[in-house]
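Student: Here's a structure for you.
The values are calculated or read from the model by the stated rules, or taken from the named source; none is laboratory data. Everything quoted here is computed from the prediction, not taken from an experiment. Positions of Cβ are backbone-derived with ideal geometry, glycine not excepted, and every protein chain shown enters the neighbour counts. For the accessible areas, the whole protein counts, side chains as well, though only heavy atoms, and no ligand, DNA or RNA atoms are used. Shrake-Rupley method; radii C 1.70, N 1.55, O 1.52, S 1.80 Å.
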Amino acid sequence: MMNCRTCGHPIEAFMSYGRMPIANGFLTPAQFDQEKFFELAPAFCEKCATFQIVDQPDAQDMFHENYAFFTRTSAWMVKHFGTYAEYAYENWVAGKTDPFVVELGSNDGAMLENFTKRDIRHLGVEPSANVAAVAREHGVNSLCAFFGEETAKKIVTEHGKADVIMAANVMCHIPDLKDVARGFDALLKDDGVFMFEDPYLGDMVAKTSYDQIYDEHVYIFSAHSVKAMFEPFGFELIDVLAQTTHGGSMRYVFGRKDQHRAHARVTDLLDAEIKQGLTKFETFQKFAENCETSKRELVQLLKELKAQGKRVVGYGATSKSTTVLNYCQIGPDLIEFISDTTPIKQGKLTPGMHIPVQPYDNFKVNYPDYAVLFAWNHGAEIRAKEDAFRESGGQWILYVPKVSVE
Ligand code: TYD
């Protein structure tokens, strides 16, 4: 039993994915005895429609000077952030006098770089020192800090108030969003807006993409849940824009109440969420059953392929894959290695199940019979460049939206 982080109503987990390590905690054998685990169990609050995980490891165990995620590893994501920045610029920045843009979780600067090109005052707020250092190399002003009311007030003192506050795949990581909301209130100009995009609950439920649930993602948002979180702080949801990134995301735009006209898309999405059952507990009981089916089918397929003597590797050592591998208990007996282009992950072992992570070249020099596409959210980008794998007779194994071989 816990209290909902948004409305305080008592809630409890509707299922458990079991004992989970830190999703981005790639490690060496010498670190096995220090590996941290927690129970990954989601809960749904029917009072305010907030989907959240019950326990979350300490922030310092997830976001630190060795954070393994770099936005720039995906060319498509870099392009996407160009489009996102353009949206923010065209709609909310252009024409303003001396505009100021702040990004939360600015990572390696892939988004804010688009504002540096236009000479717009900007500041990235990024708690992981290693990725913030890369942003600075790209000319992006970066403050190494967690964002909240205190940080917001410091920013106002030093730089003044912001026209736009942006975030991508960051807000769902922050357990205390009330402190963030107070920070927005302190930092935003009266006609300013804040916008963020994160994996969308509607997509996760529709595709049984339960791998979106891992330690860093304390929430999987819907329009209902973000309204419930930010309206009490005097903000109004004024637009929603569906995105294809991260397997289906939603961009939410908020302004101060009565400062802007809300787009009709907002009510359309709220209606669609009610129709999809995103405000009802039963939907998540059904979702839990779908997860169990997905697990059974994936393990069965991998065991059959092993029995046939096939070589199976993984493609993309994603954070998402940590949930799948540990929930399904898939280890190096079923998956030889996982190929990944991120240097900091290579030569290490995956969290919990300890499958080796190898450089991308090891995939290319000796194509396996099957590759599990753990980076399925980059499926179009990856398939486009991996024709030779398919031509060699190789096949992809997918588990979203259904376990399948293609
Ligand atoms: P990401 O999409 O960020 O997923 P998550 O948020 O679940 O970690 O991670 C993609 C991972 O896949 C990242 O480690 C880089 C890797 N990758 C490749 O190895 N090759 C590729 O072509 C792409 C696009 C990604």
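Student: With a ≥ b ≥ c taken as the square roots of the eigenvalues of the C-alpha gyration tensor of the range 276-354, please select rounded if a/c is under 1.5 and otherwise prolate if a/b is larger than b/c or oblate if it is not?
Tutor: Oblate is the answer for the range 276-354, as a/c is 1.5 or above yet b/c matches or exceeds a/b.
Student: With an 8 Å Cα cut-off and a minimum separation of 6 or more residues, compute the relative contact order for the range 169-286 in percent.
Tutor: 29
Student: Rounded, prolate or oblate: which fits the chain, taking a ≥ b ≥ c as square roots of the Cα gyration tensor eigenvalues, rounded meaning a/c under 1.5, else prolate when a/b beats b/c?
Tutor: prolate
Student: Working from the alpha-carbon coordinates of the range 219-310, get Rg over Rh, Rh being the Kirkwood radius.
Tutor: Numbers: Rg = 19.1 Å, Rh = 16.0 Å.
Result: Rg/Rh = 1.19.
Student: Right, here's the next one. What distance in nm lies between label points placed 7 Å from Cα along the C-beta direction at Asp190 and His9?
Tutor: 3.6
Student: Quick check: at a probe of 1.4 Å, how many percent of the accessible area of the chain sits on carbon and sulfur atoms?
Tutor: For the chain, the apolar C and S fraction of the accessible surface comes to 50 percent.
Student: Restricting attention to the chain, give the cysteines that have no other cysteine Cβ less than 4.7 angstrom from their Cβ.
Tutor: Lacking a cysteine Cβ partner under 4.7 Å: Cys144, Cys172, Cys291, Cys328.
Student: Given the DSSP H assignment, sum -39500 (n - 2.57) over each helix run of at least 4 residues in the chain and divide by its residue total; what's the result at 222 nm in deg cm²/dmol, nearest 500? Can you show the working numbers first?
Tutor: Numbers: 14 runs with 136 residues, N = 406.
Calculated mean residue ellipticity at 222 nm is -9500 deg cm²/dmol.
Student: If you line up the long axis of helix 281-307 against the longest principal axis of the chain, both from Cα atoms, how many degrees apart are they, to the nearest 10?
Tutor: Helix 281-307 and the main axis of the chain meet at about 30 degrees.
Student: Using DSSP, restrict attention to beta bridges with both residues in the chain and report what percent are antiparallel, rounded to the nearest 5.
Tutor: Details: 31 of 61 bridges.
Of all bridge pairs located within the chain, approximately 50 percent are antiparallel.
Student: Percent relative contact order of the range 1-151, based on C-alpha pairs within less than 8 angstrom and at least six residues apart?
Tutor: 16
Student: Using a Förster radius of 22 Å, what is the FRET efficiency between Gln395 and Glu297 based on their Cβ-Cβ separation? Nearest 0.05, please.
Tutor: The formula returns an efficiency of 0.90 here.
Student: Rounded to the nearest 0.05, what FRET efficiency do Ala129 and Asp98 have when you use their Cβ-Cβ distance and R0 = 30 Å?
Tutor: 0.55
Student: For the range 269-406, report the accessible area per residue in Å² (1.4 Å probe, heavy atoms, rounded to an integer).
Tutor: Values: 5990 Å² over 138 residues.
In whole numbers, the range 269-406 has 43 Å² accessible per residue.
Student: Which Rg and Dmax, in Å, describe the Cα atoms of the range 42-149?
Tutor: That works out to 16.0, 46 Å for Rg and Dmax.
Student: Another question, then. Considering only the other residues whose Cβ falls under 11 Å of the Cβ of Tyr367, what net charge follows from Lys and Arg at +1 and Asp and Glu at -1?
Tutor: In short, 0.
Student: I need the shape label for the range 98-202. Rule: rounded when a/c is under 1.5, else prolate if a/b > b/c, else oblate, with a, b, c from the alpha carbon gyration tensor. Walk me through the intermediate numbers first.
Tutor: Working: a/c = 1.37, a/b = 1.09, b/c = 1.26.
It is rounded, given that a/c, with a ≥ b ≥ c, falls under 1.5.
Student: Hey, another quick one. Using the C-alpha gyration tensor of the range 115-271, what are the square roots of 5 times its eigenvalues, in whole angstrom, with the largest one first?
Tutor: Working: eigenvalues 126, 82, 42 Å².
The answer is 25, 20, 15 Å, longest axis first.
Student: Can I ask one more? Determine the relative contact order of the chain: mean sequence separation of Cα pairs under 8 Å and six or more apart, normalised by residue count, in whole percent. Display every interim value, and only then the final one.
Tutor: Numbers: 820 pairs, mean separation 63.0, N = 406.
The normalised contact order for the chain reaches 16 percent.
Student: Students often forget the sequence filter, so: which lysines lie under 29 Å Cα-Cα from Lys280 once same-chain residues fewer than 8 apart are removed?
Tutor: Within the straight-line limit of under 29 Å, Lys280 reaches these lysines: Lys47, Lys178, Lys207, Lys227, Lys257, Lys295, Lys320, Lys402.
Student: Hey, what D do you get for the range 143-227 in µm²/s if you plug the Kirkwood alpha-carbon radius into Stokes-Einstein at 4 °C and 1.567 mPa s? Before the final figure, lay out each step's value.
Tutor: Values: Rh = 14.0 Å.
Using the Kirkwood radius from Cα pairs, D works out to 93 µm²/s.
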